[in-house]
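Asks: Please read through the structure below; I'll follow up with questions.
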Amino acid sequence: MEASQRPLRLRCSVQNYDWGRVGVESTVARLFRQNSGREIELGRPYAEFWMGTHESGPSFVVAAEGSGTEEAVTLKEWTGANPGALGNKVVEKWGNDLPFLFKILSVAKALSIQAHPDKELARMLHKMRPSVYKDPNHKPEMAIALTEFKALCGFVSIEELKDVLVAVPEIKELLGNDEARKILSQDLNGYVDAKSFLQLVFTKLMTASKEVVSELVSKLKGRLDLENKIRTLTEKEQLVLLLEKQYQADVGIIAAFLFNYVKLSPGEALYIGPNEPHAYISGECIECMATSDNVVRAGLTPKYIDKQTLCSMLTYKQGFPEILRGSPINPYVSRFRPPFDEFEVDRCLLPSKESVEFSAIPGPSIFVVVAGGEGRMEVSSVVEELKIMEGDVYFVPAQTEIRLSAGADGPIKLFRAGVNSRIFA
C-alpha cells in the first residue's frame, strides 16, 4: 500500500485572539494541549484551533515512530508532493492544496461585526492591501455548535426594521425624523426598495462619527438601565448591554439591533455565504470554511476596520438564516452539507464499544476527536491500527476507507471535514 494512502497524524496550530476563552475554560486550549503536548498558559486566551494548510496557522505532519524522519513538514508541503492524496477531481478544481480550513472556536466575548468577500472582491482586496487581506480567496463558512452558541447573522426583516425604528429612539435620532418617517410610512415589499432603505440605515449608522456614536451609546445604555428597573428587557436589549460592557462606545453595540440574534443548541449549524454580515457572540463550535483568512470588519473589534468596504459589499438580504441539523448517514453519523463546493462536515457520536465505517471517497478528509475515551482507527487492507484519543487530528487521503471503534472506557465524539460530496456526483 502506498504511503500516501495512510492517515497522517497532524500537529495543529492555535490562535490566541483576545476574545477566546481563557486557560482551562477553553476547549481549544484542552485540545491543543492534547494535540501538541504543550502546557496550557492559565491566563492566556485560546480562541481557535486550526486544522489545514493555511499559512497563518499551518498543520504539520507528525512523523511515524521509527521512520527516521525528524524534520517538520507542513500538510501543505506534503499535499504538494503527494497530490494523489487529494484525489483527481480536487486537484483539477483547486490544485495541490486542501480547499477547506477546519477549526474549533472557544468564544468568551463577541467577535467583530464582519463579512467575508466573494472571490472577485477577495482578489481585489488582496491586491490593494495584502498585509490586511492575506489571500485572494473567498471564505464561505459553517459553524456547528458544541455548546449553546450565540451569534448575530444577517439582517432582520424589513418589518422588524420598522419595529426597531419605533423601539430604539437612538437609531431614529441618528437617521433623522424625516428619513425614519419615510421608511415607516412606505410599503417595502419589493426587494430593491427594502434593500436600498436597509443599506441607507446601516451605512448611516456605521459611518457616523465617533462622537455621535459615543453619545448615542451613552443614551442607549442609560435608557435601558432605567427601563430594566420597570420591565424585563428583550433578549436583544440584554445582548446590547452585554456588548456595551465588552466594547464601550462601539458602533457595533447599536448595529446589533439590525441583525438576527441566533442561538444554536449543540448539534445545530449555521452557514454564512460571502458578503453576509455576522458576529459570533459566545460559546464553542466546530467551524469549516474555504481556505482563506479574509475578514472585512466594521465594529466590535480593536483590529483594522474597513467600514466603506463592508457597507458596499453586503447583499442586504433580510430574514432569519437557515438552521441545519444534519442528515443521518447511519445511527452514529450526521452530515452537514452547506451550499458550497469546498466543504461538508460529519458529526460522529460513537458509543462505547461500538464501531462505524467511513467509506472511501474521491477526496481528502480531516478527522478531529473533540471528546471521549480511547479508541482505534483501522485502515482497510492494512494490517495496522492507530490509537485515537481526545485531541488527535488525522488527515485521511482520498480513496481510503477507515473504521473507527470506541473503547470500553467511554463514548467518542469526533468530526470529519471533507470536500462537499456533491462535486463527486
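The values are calculated or read from the model by the stated rules, or taken from the named source; none is laboratory data. Everything numeric in this text was worked out from a predicted model, so none of it was measured. Heads up, the Cβs are rebuilt from the backbone with ideal geometry, glycines too, and the neighbour counts pull from every protein chain shown. What goes into the accessible areas is simple: the full protein's heavy atoms, side chains included, and nothing from ligands, DNA or RNA. Shrake-Rupley method; radii C 1.70, N 1.55, O 1.52, S 1.80 Å.
Asks: What is the one condition in (1) part of a loop (DSSP other than H, G, I, E, B); (2) in contact with a Phe, Trp or Tyr (Cβ under 8 Å, 6 or more places away or on another chain); (3) open to solvent by less than 60 Å² (accessible area, probe 1.4 Å) that P339 does not satisfy?
Replies: (3)
Asks: Are any residues in the stretch 263-283 open to solvent by less than 10 Å² (accessible area, probe 1.4 Å) and not in a loop (DSSP other than H, G, I, E, B), and if so, which ones?
Replies: L264, A269, L270, I272, H278, A279, Y280, I281, G283
Asks: Can you give me the ranges of the strands (runs of 3 or more DSSP E) entirely in the stretch 357-425 with at least 3 residues that are touching a His at 6+ places or on another chain (Cβ under 7 Å)?
Replies: So the answer is none; nothing clears 3.
Asks: Oh, and also: Report whether or not K245 is in contact with a helix residue (DSSP H, G or I) (Cβ under 8 Å, 6 or more places away or on another chain), part of a helix (DSSP H, G or I), closer than 23 Å to D18 by Cβ and open to solvent by 40 Å² or more (accessible area, probe 1.4 Å).
Replies: no
Asks: Given the options A143, A167, name the one that is open to solvent by 50 Å² or more (accessible area, probe 1.4 Å) and modelled with pLDDT of 90 or more.
Replies: Only one candidate qualifies: A167.
Asks: Run down E390, E401 and say which single residue is in contact (Cβ under 8 Å) with a residue 40 or more places away in the chain, touching a Leu at 6+ places or on another chain (Cβ under 9 Å) and not aromatic (F, W, Y).
Replies: Of the residues listed, the single one that is in contact (Cβ under 8 Å) with a residue 40 or more places away in the chain, touching a Leu at 6+ places or on another chain (Cβ under 9 Å) and not aromatic (F, W, Y) is E390.
Asks: Please verify whether the stretch 193-204 includes one or more residues that are open to solvent by 50 Å² or more (accessible area, probe 1.4 Å), among the basic types (K, R) and either touching a residue at least 60 places away in the same chain (Cβ under 8 Å) or touching a Lys or Arg at 6+ places or on another chain (Cβ under 9 Å) (or both).
Replies: Yes, some residue in the stretch 193-204 is open to solvent by 50 Å² or more (accessible area, probe 1.4 Å), among the basic types (K, R) and either touching a residue at least 60 places away in the same chain (Cβ under 8 Å) or touching a Lys or Arg at 6+ places or on another chain (Cβ under 9 Å) (or both).
Asks: Further, regarding this structure: Could you please find all residues in the stretch 319-378 being farther than 15 Å from I272 by Cα, of a type in the set (G, A, S) and in contact (Cβ under 8 Å) with a residue 12 or more places away in the chain?
Replies: G326, S334, S352, S355, S359, A360, G363, S365, A371, G372, G373, G375
Asks: Next question, about the same structure. Could you check how many residues of the stretch 117-133 are assigned to a loop (DSSP other than H, G, I, E, B) and farther than 30 Å from L324 by Cα?
Replies: Count: 4.
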